[in-house]
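Visitor: Here you go, one structure.
The values are calculated or read from the model by the stated rules, or taken from the named source; none is laboratory data. None of the values given here were measured: they were computed from a predicted structure. Neighbour counts run over all protein chains shown; Cβ positions are idealised from the backbone, glycine included. All accessible areas refer to the heavy atoms of the entire protein, side chains included, with ligands and DNA or RNA removed. Shrake-Rupley method; radii C 1.70, N 1.55, O 1.52, S 1.80 Å.
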Amino acid sequence: MEIYDDVFSPVYFLMMCAVIVIHYDVKKTGRLREALALTFGAYLVAYSIYSTWHLLQPAPQWVEDALAVIGLFFAIVIAVIAQMKGIYNGVVVRGAVMLTILSIPYVAISPYWNISGHVAYTTAPALFLVWLDRKWWPVMVVPLVMLVNRPVVDAHTVAESVGGFVLAVVAFLTSIWLFEFYVDDRG
């Protein structure tokens, strides 16, 4: 269980999900190389920002959470610019909006309650993949195991773990309601 939260850390899991979403998104634009290059570039920017956490030690956990969200927001801005340039067809940006809907309350809650980012940021993208194409339902195992993993490895309480799961589900459902996703929008 100690290795699980590293292997399926949101830092890596979000990137894996982004690559899958890109393949669905660029079917209509045909700009896969550009999309992948931009996504990896955005990932490197986001990861670099997040990595500054190590330079700020000792710092409370919420500082790491905030840096992760700031990095994610930079990646989202890059995705929106790519959308405006016609590289993406809209699915990536919808996922980015969903992550924004998740991130705003997450970063607001984090200084006061150690809500599980591992659970929240594996649940939301997994739900998005399943919404995009039901064949991805097995990926839901990742957040469900993470839900149990975080209390088992003593990283979070059960309530903090469940809180991350609930927050991600609410963010996902809100994004669906907000954009009224349709089957033909999925790429």
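Visitor: Using Cα positions and a limit of under 20 Å, work out the aspartates and glutamates in reach of K27, with same-chain residues fewer than 8 apart set aside.
Guide: Hits, sequence-local ones excluded: D133, D184, D185.
Visitor: Just by accessible area at a 1.4 angstrom probe, what is the order of R150, R134, R94 from largest to smallest?
Guide: R134, R94, R150
Visitor: Going by accessible area, probe 1.4 Å, with all protein chains left in place, what is the ranking of E64, E34, largest first?
Guide: Listed by decreasing accessible area, they come as E34, E64.
Visitor: Go through D154, D65 and list them by solvent-accessible area, largest first, probe radius 1.4 Å. Before the final figure, lay out the partial values.
Guide: On the way: D154 135, D65 15 Å².
These residues rank, largest area first, as D154, D65.
Visitor: Okay, moving on. For segment 1-185, what is the Kirkwood hydrodynamic radius in Å, using each pair of distinct C-alpha atoms? Walk me through the numbers before you get to the answer.
Guide: Working: mean 1/r = 0.0603 Å⁻¹.
One decimal place: 16.6 Å for the Kirkwood radius.
Visitor: Among G164, G95, G86, which one shows the biggest mean-square fluctuation in a GNM of the chain, springs joining Cα atoms closer than 10 Å?
Guide: Judging by the Gaussian network model, the answer is G86.
Visitor: Which one, Y24, A46, F13, is farthest towards the positive end of the dipole of the chain when Lys and Arg carry +1 and Asp and Glu -1 on their Cβ?
Guide: Y24
Visitor: Still on this structure: Would you work out the charge dipole size for the chain about its Cα centre, treating the Cβ of every Lys and Arg as +1 and the Cβ of every Asp and Glu as -1, and quote it to the nearest 20 debye?
Guide: Working: 10 positive and 13 negative charges, 141 e Å.
Magnitude of the dipole: close to 680 debye.
Visitor: Residues in segment 107-142 near a label at K28, defined as backbone nitrogen under 17 Å from the 7 Å Cα→Cβ point?
Guide: Flagged as within label range: 132-133.
Visitor: Let me ask something else about it. Suppose a student asked you for the relative contact order of the chain, using Cα pairs under 8 Å spaced at least 6 residues apart; what percent would you report?
Guide: 27
Visitor: Roughly to the nearest percent, how much of the accessible area of segment 51-104 is carbon and sulfur, given a 1.4 Å probe?
Guide: 75
Visitor: Could you pull out every whole DSSP H run in the chain that spans at least 18 Å of Cα extent along its own axis and averages -1.0 or higher on the Kyte-Doolittle scale?
Guide: Numbers: long enough: 10-25 (21 Å, 1.59); 32-51 (28 Å, 0.96); 61-84 (35 Å, 1.82); 91-109 (28 Å, 2.02); 117-132 (22 Å, 1.20); 158-179 (32 Å, 1.96).
Length and hydropathy pass: 10-25, 32-51, 61-84, 91-109, 117-132, 158-179.
Visitor: Considering only protein heavy atoms, what per residue accessible area in square angstrom results for segment 1-185 with a 1.4 angstrom probe?
Guide: Accessible area per residue: 51 Å².
Visitor: Quick check for you: which residues of segment 60-93 have the amide N under 13 Å from the point 7 Å beyond the Cα of W136 toward its beta carbon?
Guide: 91-93
Visitor: Starting from the Cα of W62, step 7 Å along the direction of its Cβ; do the same at A37; then give the gap between the two resulting points in nm.
Guide: 4.1
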